[in-house]
Amino acid sequence: MTSRWSLGLDIGASATKAVLLDGERVQARALCKSGADFAAAAKACRDEVLTSVGLAACDIERTVATGYGRHRVDFASTSVTEITCHARGCYASFPRAITIIDIGGQDNKVILLEETGARRSFRMNRKCAAGTGAFLEEIAGQLGTPLAALNELARQGTGNVELGSFCTVFAKTELLAWIARGTPLPELARAAFRSVVKRILEMDPLAGEVVMTGGVVAHNALIVELVSAALRREVFVPEYPQYTGAFGAALIARET
Amino acid sequence: MAEAKAVEIKKLAAAGTLRKLLADHFYELDQAVKAGHPKIAWCTSVGPAELLRAMGFLVYFPENHGAMLGASRMATETIPTANAIGYSPEVCSYLTSDIGACLQNRTPLSAAYEGITAIPKPDVLVYNTNQCRDVQDWFAWYGQRWSRPVLGVECYRGVGEVTDVHVAGIAGQLEALVPPLEEIAGARLDPERLRETVRLSRQCSDLWKEVLETAAAVPSPLTFFDSTIHMAPAVVLRGTQVALDYYRALLAELKARIADGVAAVANEQHRLYWDGMPIWGRLRDLATLFLELRTCVVASTYANSWIFNALDPDDPFRSMARAYTELFIVRSDPYKEKYLEQMIATFAVDGLVFHDAKTCPNNTNCRHGMPQRLQERLGVPSITISGDLNDLRCYSDEQTRTQIEAFVEQLAEKR
């Protein structure tokens, strides 16, 4: 059975995303900060997409919640993990065997899909948030640069600074040493981006066709370029990488 | 919101008897301390308990106390105290939680058993490094603190086939323990009593194996989480009659569950195998999560570790040596992979959960590519959970929950 109006909500560590489907077609998207109240963020996102198309909450036939806050959405029909939702959302755009890299606010995922879209395996980063969006936020703060400006700043670097640490705190200590030597900020920003890429490359051999998703990818195209350079092949990105989980959730809502 | 998730863990009736058995065990030790006799030997979990018991010692197992520290989450408060005196957060958290508890004059035994205020001081400490080298350091700390002798057996590691050379080496070390133990005990070893203890221990092992094998039934009457509780007599009371009586009753209860179609996990949909240590401070949470997900963790390397097929009362020293060397934990990776393959088939397992315990590398089997090799060879998927046996600073509730839920969703896709 399929629904007409289906809603996917991805309540992530940093941002909450909503995707509203009319049949198979995306009718609206919304994004807001998750903050400290996941339920409120989910409701705000839902209300925004509903308002944008002139619907009421009762018009939605099914809602699937995903992400860190998935269990906090009392109006959701069910909850599904972000791993399954990202896989579903990505496969809709790239219907073949793919390796998905999702870089989120607090965690990274590598998901291997078979030709049929069935999941072969998945990995998440360890407990530490090194290599995630939270790491870049920390580094932006240390460099006194707005997070939104970090990508352009890093583009100006040449890549002659290397961070060796696994740990965010140790990486920041390393950066302190480079700052003390008077290293230009663009080099430090680029070093942080390269550090994120190294954490990703450690998670899996990343065989086959690679697709990248998530908020970090959406706002930092340089990450994709660096991964592509490391793998020596093209890396694909869906049109709305930050909404992949919410899109997958909406598709699951529609199909169940 | 998601489906209604009101589920309750189905307790085994034998749990009441188990509580009494363990109470008797700890009160007997406490009484011995107060009376000054019988003498007390501390022993590692797969140390030479049969020998110690046959020589008249009451046997206390610090790893059992470590598990209690973990399960009660007292470990979280005591580990930092051991860290502060130089025992790294990277070493065994049984060791750090136990030493920290000693330094704080605390024990979970006090809350469980009225009148017991401290762990029983040993007359001798006897280890076997088959669990890890940390047990040696752990016992050495107590030996020094209380001026008590520490004796031990150094095991082999990475063992493929267990050969006569291995057996002779360990049997020689076991026999060498006898003279100093006789001196401490003040009595000679009675060979007949040793044979009898080994016989009881073997019977206990056989019954425990039968208990665990009931989980091969579909649906399973038993979960890994049940087994972590009900394994206690196989660890601390092996070599005694009461352990046999207990497992006969437990086995009857499990067989009745199978006959009546009673599942440990209602509407069992998926069956998993757990490799590595339990996460003691999250046993209940994880047991409940798997119940909600209609997934039964049916078997584990951990609970199987107290099955000693080789014990033979007619050849006590050599058979103890073989039994303590046939342990999964000291074997080579090729052996371990074959063993897991056999478990997957025996218990009709859909997937594996590897616990990467931060402070227990010896009982962690996912750090050298084994999950990937097994998936490649057998097509059996797995997840690796980062955590620890006792140190919850190394564990993320939310990340673990997401991984487990996602894994079950993956298994459901395949059905």
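The values are calculated or read from the model by the stated rules, or taken from the named source; none is laboratory data. Predicted, not measured: the structure shown is a model, and the values here were computed from it. When we count neighbours, we look across all protein chains shown, and the Cβ atoms used for this are built from the backbone with ideal geometry, even at glycine. Surface areas here come from the heavy atoms of the whole protein model, side chains and all, with no ligands, DNA or RNA. Shrake-Rupley method; radii C 1.70, N 1.55, O 1.52, S 1.80 Å.
Highest mean packing comes first when the peptides A:11-17, B:402-408, B:356-362, B:116-122 are listed by Cβ atoms within 10 Å, giving A:11-17, B:402-408, B:356-362, B:116-122.
Highest average first, the peptides B:367-379, B:129-141, A:198-210 ordered by how many other beta carbon atoms sit within 10 Å of their residues are B:129-141, A:198-210, B:367-379.
Can you list the residues in region A:116-162 whose accessible area drops by at least 10 Å² when all protein chains are present, compared with the chain alone? Use a 1.4 Å probe, heavy atoms only. Hits at the 10 Å² cut-off: A:ALA118, A:ARG119, A:ARG120, A:SER121, A:PHE122, A:ARG123, A:MET124, A:ASN125, A:ARG126, A:LYS127. Under Stokes-Einstein, with the Kirkwood radius over Cα pairs as Rh, the value for region A:104-176 at 4 °C and 1.567 mPa s is 91 µm²/s.
Ligands, DNA and RNA are left out, and with a 1.4 angstrom probe the accessible area of the protein assembly as shown is 39 Å² per residue. Between the beta carbons of B:ARG19 and A:ASP74, assuming R0 = 30 Å, the FRET efficiency works out to 0.15 to the nearest 0.05. Summarising the amide proton neighbourhood of A:ARG62: residues at separation of 5 or more, or on other chains, whose placed amide H is nearer than 5 Å comprise A:LEU7.
Assuming charge only on the beta carbon of Lys and Arg (+1) and of Asp and Glu (-1), the dipole of the protein assembly as shown about its Cα centre is about 500 debye to the nearest 20. Looking at the protein assembly as shown, the DSSP beta bridges with both ends there are about 40 percent antiparallel. The string of couplings for region B:121-137 from the Karplus curve (6.51, -1.76, 1.60, θ = phi - 60°) is 5, x, 8, 7, 10, 10, 10, 10, 6, 4, 6, 4, 6, 4, 5, 5, 5 Hz, one whole number per residue in order, with x for Gly and Pro. For chain A, the share of accessible area belonging to carbon and sulfur comes to 54 percent (1.4 Å probe, ligands and nucleic acids excluded).
Round to the nearest 10 and give me the degree value, 0 to 90, for the angle of helix B:241-259's Cα axis relative to the longest principal axis of chain B. Taking Cα atoms only, the helix is inclined about 10 degrees. With θ taken as phi - 60° and the Karplus curve 6.51 cos²θ - 1.76 cosθ + 1.60 applied, the whole-hertz 3J(HN,Hα) list for region B:58-70 is 7, 10, 10, 10, x, 5, 5, 5, x, 5, 5, 4, x Hz, x standing for glycine and proline. Extents of region B:304-395, largest first, come to 44, 33, 21 Å (Cα atoms, principal axes, whole angstrom). Note that region B:34-78 carries a Kirkwood radius of 11.8 Å, evaluated over its alpha carbons pair by pair.
Scanning residues 5 or more positions from B:VAL159 or on other chains, those with amide H under 5 Å from its amide H are B:ARG331, B:SER332, with H placed 1.01 Å from N in the peptide plane. Take the accessible area of A alone and of B alone, subtract that of the pair with a 1.4 Å probe, and the total buried over both chains is about 2200 Å².
Within a straight-line Cα-Cα reach of under 27 Å, B:LYS209 can be paired with the following lysines, leaving aside sequence neighbours fewer than 8 residues apart in one chain: B:LYS10, B:LYS11, B:LYS20, B:LYS255, B:LYS336, B:LYS338.
Protein heavy-atom surface of region B:15-414, 1.4 angstrom probe: 51% of the accessible area is carbon and sulfur, with nucleic acids and ligands not counted. D for region A:96-237, whole µm²/s, Stokes-Einstein with Kirkwood Rh over alpha-carbon pairs at 25 °C and 0.890 mPa s: what number? The calculation lands on 161 µm²/s. The charge dipole of chain A, taken about its Cα centre with unit charges on the Cβ of Lys, Arg, Asp and Glu (plus for the first two, minus for the last two), comes to roughly 340 debye. Semi-axes of the equivalent ellipsoid for chain B, computed as √(5λ) from the eigenvalues of its C-alpha gyration tensor and ordered from largest down, come to 34, 24, 22 Å.
A simple spin-label model places pseudo-atoms 7 Å from Cα toward Cβ; at B:ARG393 and A:ALA118 they are separated by 4.4 nm. What separates the Cα centres of region B:154-174 and region B:314-363 is a distance of 16 Å. Once the mean of 1/r is taken over each pair of separate Cα atoms and inverted, chain A shows a Kirkwood hydrodynamic radius of 18.6 Å.
Relative to the first principal axis of the alpha-carbon coordinates of chain B, what is the inclination of helix B:15-35, with its axis defined by its Cα atoms, in degrees from 0 to 90 and to the nearest 10? Relative to chain B, helix B:15-35 is tipped by roughly 20 degrees.
Around the amide H of A:VAL211, modelled in the peptide plane, lie the amide H atoms of A:THR99, A:ILE100, A:ILE101, A:PHE236, all under 5 Å away and 5 or more residues distant in sequence or on another chain. When both bridge partners sit in region A:96-237, DSSP labels roughly 65% of those beta bridges antiparallel. Cα extents for region A:2-75 along the principal axes, largest to smallest and rounded to whole angstrom: 31, 21, 19. Straight Cα distances below 28 angstrom link A:LYS109 to the lysines A:LYS17, A:LYS33, A:LYS43, A:LYS127, A:LYS172, A:LYS198, B:LYS5, B:LYS358, B:LYS414, with same-chain residues fewer than 8 positions distant left out. The convex hull built on the alpha-carbon positions of region B:55-104 has an orientation-averaged projected area of 4.0 nm². Any chance you could tell me what percent of the C-alpha pair distances in the protein assembly as shown go past 52 Å? So the portion of pairs separated by more than 52 Å is 18 percent.
Residue-wise HN-Hα couplings along region B:172-180, as the Karplus relation 6.51 cos²θ - 1.76 cosθ + 1.60 with θ = phi - 60° gives them from phi, are x, 5, 5, 5, 5, 6, 4, x, x Hz; Gly and Pro carry x. Computed over region B:1-153, the P(r) tail beyond 21 angstrom holds 49 percent of alpha carbon pairs. Dipole magnitude for chain B: computed about the Cα centre from +1 point charges on Lys and Arg Cβ and -1 point charges on Asp and Glu Cβ, it is near 320 debye.
The distance between label points at A:ILE179 and B:SER332 comes to 5.3 nm (points 7 Å beyond Cα on the Cα→Cβ vector). Comparing each chain alone with all protein chains together (probe 1.4 Å, DNA, RNA and ligands left out), the residues of region A:75-109 losing at least 40 Å² of accessible area are A:THR81. Size estimate for region B:209-359 follows the Kirkwood approach: the inverse of mean 1/r over distinct Cα pairs works out to 16.3 Å.
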